[in-house]
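Here the structure is laid out as structure tokens; the discussion comes afterwards.
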Amino acid sequence: MRVNKPEDFYKNVSEALAQPDLKMIIRRTTDKAETKRAEAVANFPEFENARTQGQKVKDHTIKYMDHYLAEFEKNALAQGTIVHWASTGEEASKIVLDICRQHKAKKVTRSKSMLGEEIGLTHAFDNSEMERIETDLAEHIIQLAGDPPSHIVWPAMHRSREDVVKLFREFHADPTYSEEITDLVRSARRDLRNKFLTSDIGISGSNFLLADSGSSCTVTNEGNAELTITPPKVHIVTAGIEKLVPSMAHAVPLLRLLTRSATGAEITQYNTFHNGPKRPNDADGPEECHIVLVDNGRTKMLAEGMEAMLRCIRCGACMNHCVVYKHIGGHAYGSVYPGPMGSVLTPHLDSLEVANKQTHACTMNGRCEEVCPVNIPLPTLLRSLRAQSWDKKYEPLTNRFVVQSFAIMAKRPKLFQLLSSSGVIFMKVFSRKGWIKYMPFTSGWTRNRDLIEPESTTFMHQYKKIKNEKMKKAKKGGA
Amino acid sequence: MSQKISNAGRTPSNTIECLNISEKKVGLFVTCLVNTMRPSIGFASITLLEQAGCTVEVPELQSCCGQPAFNSGDDEGTRQIAYQTIKQFENFDYVVLPSGSCAAMIKKNFIEVFKDQPEWLARAKHLADITHELLSFLVDVCQFEPNGIELDGSYTYHDSCSGYRALHVYEQPRKMLSTVKGLEHKPLNNHSECCGFGGTFCVKYSDISNEIVGEKVENVLATEADYLLGGDMGCLMNIAGKLNREGHKEITALHTAEVLAGLAPQILGGKDAS
Ligand code: SF4
């Protein structure tokens, strides 16, 4: 698997922009997501209320995190679930692999979880003696292709239908030769069915953890989480501690926000609440159930004033509405979480030093904040990261120099006006028929666009002239 | 002097307010792009504000709103620029800018860099309260309606992100433009999607910005309008610059204020507007 690195952002962007069809493939999904979300919001008059409520639920739980974590643990233990705590991603993925090894597992099925990617679980399995089987259709596609995910809701968004046809023909035991979506889905189902039933261990993520019952909720459209969790003897949940909510009643408004914001659906096909291992009277279910609660930078974010980001319910709306994401796609970000939310999260999961360029790849147009179902002020958070990286001097020196020189001029208005006038004279030299095609020091602009020719002198110059003339006239008239 | 004392307590301005001709003292912040690239927008703003019954003054010691520093994360630089902007403008009744993004900078962002300086925070908050984007100020505060303006042709409108999302400027320019005789509106597909300008973004990430503005240009061309209008010089320069680079001369970008002040024919004729 070729994985981009966050520190190579410039290179990743160039490569992404050079891919001829990428933009079109992304647009197909994001445009549809935008339209469907807008319809869903329009048909849900309580959206704004739900949003405020959702934000409150999250803020409250985050504020009393220690209390709810303790309550969750107590209730999960009471259900017979074994609870593990991991402070880093590595620790978390080691806990999962150790459990699998204790059970001498050969095959593990996994239902889609971005946290699994975050803690490096996919890699850990691929480097182990065990076979990892992704059961979410999109995850199945990228597993066959050997790609990392490029979106948090549609991880295979960067793959076209033509790609999928090819992959399925190559890898499925009994492939379809049709290019119809229903046939392709059938082909994947045939391939996965047997694997579900012969898996030793099922691993899932969690959309919500309910403190008052110790249960975990998963949301899917394919039912693959249920098939991942129920047949194997052992079920392991990995979840970030920010997934916590006090109770089912608190999860509901968030669930309503999540599905509408992600796909525009009122509700997903499968919303399941899992309550520990199989009880004596249960018809099915795992015999053993583990839950790994992962911190991996979350408490640090809380301490650093980034608590708003912990509200994120991973709906993907911010990336669907991001003009930058739409052009460069998810892989360019070089991290598990792309787009606006990723540009805020990655500096905390990796480090600001390696992921500061992403915080600048934003026009501050505010659309992500506008659609975020839990009101995360993404542009403000991005800017605060820029301020941190400015203080730590992570920016390229040339950028720093330009911004600082401009600020030095701007805080001296007389000098600023003088330089503006010289600027106009300078630009005039390079103007032809109202436009500047090239000029020194402006290649960032003129590489891709022309620059309009300025008027003959600055506004201030013209304004002063007119004012002086008026005063003269007034004096004459008055005399 | 003696007269002033004898009038004390009778507040002569009341008489003016009774007649509903309260005078508005407006400080015009022309913004650095208008100052250097397109002074006619500044003069158009003065014309419109005066028509709307304001007294306009342009403080000479103005420079930039501080966005390049702010968006680069240079809080100290932003503060340095903000100090003198506050000093220059805080004593007006209103401060008006012919730009959504610069107005939003003063209205929304100054307070962020003064979190730890209570005295300046209070002054920044006051400035935020009296600051307005030009087109919304004309409609919302002055209830202004342009009169007798004519321009033949059709226009499409680009909503700048700061104007649209941060300041909710949407109806105001359209309302005023609907009074222009001979001018027809052609809606722009994805009108509220960013044009890729983003201040320093467009030079830092020139190639991404280029892709974004390329798409904007496609949408603009699809309207087949004669004019592209907007309220922000940054976006207009960006879209117009891309249109010209691609050889499209059939559509001209103008600031809404230029049209409303009746300067369009002069500008299209190729003369400085002053
Ligand atoms: S930041 Fe907001 S919009 Fe983006 S994924 Fe998280 S919840 Fe969704």
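The values are calculated or read from the model by the stated rules, or taken from the named source; none is laboratory data. What you see is a predicted model, and the numbers here were worked out from it, not measured in a lab. Heads up, the Cβs are rebuilt from the backbone with ideal geometry, glycines too, and the neighbour counts pull from every protein chain shown. Accessible surface is based on the protein model in full, side chains and every heavy atom, while ligands, DNA and RNA are left aside. Shrake-Rupley method; radii C 1.70, N 1.55, O 1.52, S 1.80 Å.
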accessible surface per residue for the stretch B:146-261, probe 1.4 Å, DNA/RNA/ligands not counted, whole Å² -> 35 Å²
In degrees from 0 to 90, rounded to the nearest 10, what is the angle of the helix B:233-245 Cα long axis to the longest principal axis of chain B? 20 degrees
Between residue A:392 and residue A:131, 0.36 nm times their residue separation minus their Cα-Cα distance comes to what? 89.6 nm
Acute angle (nearest 10 degrees) that the helix A:378-391 long axis makes with the longest principal axis of chain A, alpha-carbon atoms: 70 degrees
Could you work out the mean count of beta carbons from other protein chains within 10 Å of each residue's beta carbon in B:159-170? 2
Can you give me the three principal axis dimensions of the stretch B:191-274 from its C-alpha atoms, in Å, biggest first? 36, 26, 23
Label-point separation in nm, residue A:428 to residue B:145, each point 7 Å along Cα→Cβ: 4.3 nm
Report the one residue of A:441, A:426, A:462 whose Cα lies farthest in the direction of the positive end of the charge dipole of the stretch A:405-477 (charges on C-beta: Lys and Arg +1, Asp and Glu -1; origin at the Cα centre). A:462
Based only on Cα atoms, what mean projected area does the convex hull of the stretch B:24-139 have, in nm²? 6.5 nm²
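Taking N as the number of residues in the stretch A:405-477, what is its Cα Rg relative to 2.2 N^0.38 Å?
Details: Rg = 16.1 Å, N = 73, 2.2 N^0.38 = 11.2 Å.
For the stretch A:405-477, the normalised Cα radius of gyration comes out at 1.43.
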Rounded to whole Hz, the Karplus (6.51, -1.76, 1.60) HN-Hα couplings of the stretch A:38-43, x for glycine and proline: 4, 5, 4, 5, 5, 8
Please compute the Cα-Cα pair-distance distribution of the stretch A:44-301 with 10 Å bins starting at 0, giving whole percents from short to long. 7, 29, 36, 21, 6, 0
Based on alpha-carbon atoms only, what is the radius of gyration of chain B relative to the globular estimate 2.2 N^0.38 Å? 1.06
Based on the Cβ-Cβ distance from residue B:250 to residue B:152, what FRET efficiency comes out when R0 is 25 Å, to the nearest 0.05? 0.95
Given charges of +1 on the Cβ of Lys and Arg and -1 on the Cβ of Asp and Glu, with all other atoms neutral, how large is the dipole of the stretch B:146-261 about its Cα centre, in debye to the nearest 20? 260 debye
Selection from B:225, B:248, B:238, by position along the positive dipole direction of the stretch B:146-261 (Cβ): B:238
To the nearest 100 Å², how much accessible surface do chains B and A cover up together, summed over both, with a 1.4 Å probe? 5900 Å²
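Of the peptides A:393-400, A:120-127, how do they stack up when ordered by the mean number of other Cβ atoms within 10 Å, highest first? Working shown, then result.
Working: A:393-400: 13.2, A:120-127: 17.9.
Top to bottom by mean Cβ count within 10 Å: A:120-127, A:393-400.
Based on the Kirkwood radius over alpha-carbon pairs, what value in µm²/s does the Stokes-Einstein equation return for the translational diffusion coefficient of the stretch A:181-232 at 20 °C and 1.002 mPa s? Let's see the in-between values first.
On the way: Rh = 12.5 Å.
For the chosen part, D equals 171 µm²/s.
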Residue mean of other protein chain beta carbons inside 10 Å, B:64-71: 5
For chain A, take the longest principal axis of its alpha carbons; what is the angle in degrees between that and the long axis of helix A:181-198, to the nearest 10 within 0 to 90? 50 degrees
Which is farthest toward the positive dipole end of the stretch A:44-301 among A:99, A:109, A:214, measuring Cα position about the Cα centre, with Cβ charges +1 (Lys, Arg) and -1 (Asp, Glu)? A:214
Greater than 26 Å apart at Cα, pairs in A:112/A:243; A:393/A:428; A:433/B:107; A:465/B:87; A:23/A:243; A:243/A:326: A:393/A:428; A:433/B:107; A:23/A:243; A:243/A:326
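Under a Cβ-only charge scheme (Lys and Arg +1, Asp and Glu -1), can you give me the dipole magnitude of the protein assembly as shown about the Cα centre, in debye to the nearest 20? Write down the numbers at each step before the final one.
Details: 89 positive and 90 negative charges, 464 e Å.
Charge dipole, the protein assembly as shown, about its Cα centre: 2220 debye, nearest 20.
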Around residue B:27 (Cβ within 12 Å, Cβ-to-Cβ, excluding residue B:27; K/R +1, D/E -1) the net charge comes to -1
Average accessible area per residue (Å²) across the stretch A:44-301 - probe 1.4 Å, nucleic acids and ligands excluded: 43 Å²
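What is the calculated FRET efficiency for residue A:421 to residue A:15, with r their C-beta to C-beta distance and R₀ = 30 Å, to the nearest 0.05? Provide the component values of the computation, followed by the final result.
Details: r = 43 Å, r/R0 = 1.42.
Step by step, r from the Cβ atoms, then E = 0.10.
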Quick test of your reading: applying the under-4.7 Å Cβ rule, which cysteines of chain A are isolated? A:100, A:217, A:289, A:312, A:315, A:322, A:362, A:372
Which whole number in µm²/s is D for the stretch B:192-235 by Stokes-Einstein, with the Kirkwood Rh taken over Cα pairs at 37 °C and 0.692 mPa s? 296 µm²/s
Can you send over the carbon and sulfur percentage of the accessible area for chain B, probe radius 1.4 Å, protein chains only? 48 percent
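Using only atoms on other chains, find how many Cβ atoms lie within 10 Å of each Cβ of peptide A:373-386 and report the average.
Shielding by partners across A:373-386 averages 2.
Considering only DSSP beta bridges with both partners in chain A, what is the antiparallel share in %, to the nearest 5? Can you show the working numbers first?
On the way: 12 of 37 bridges.
Of the beta bridges lying entirely in chain A, close to 30 percent run antiparallel.
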Relative packing of peptides A:259-267, A:35-43, A:12-20 - highest average C-beta neighbours within 10 Å first: A:259-267, A:12-20, A:35-43
Find, to one decimal place in angstroms, the Kirkwood hydrodynamic radius of the stretch A:255-310, where the mean of 1/r is taken over every pair of different Cα atoms and then inverted. 15.1 Å
So how strong a dipole does the stretch A:405-477 carry about its Cα centre when Lys and Arg Cβ are +1 and Asp and Glu Cβ are -1, to the nearest 20 debye? 500 debye
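If you add up the charges near residue A:414, with Lys and Arg at +1 and Asp and Glu at -1, over every other residue whose beta carbon is less than 15 angstrom from its beta carbon, what do you get? Write out the running numbers ahead of the final one.
On the way: positive: A:411, A:412, A:464, B:87; negative: B:60.
Charge balance near residue A:414 sits at +3.
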Take the Cα radius of gyration of the protein assembly as shown and divide it by 2.2 N^0.38 Å, with N its residue count; two decimals is plenty. 1.08
Once you list every other residue whose beta carbon is under 15 Å from the beta carbon of residue A:320, what net charge do they have if Lys and Arg are +1 and Asp and Glu are -1? +4
How far apart, in nanometres, would the label points at residue A:472 and residue B:117 be if each is projected 7 angstrom from Cα along the Cα-to-Cβ direction? 4.1 nm
Expressed in angstrom and ordered largest first, the alpha-carbon extents of the stretch A:348-479 along the principal axes are 73, 36, 30
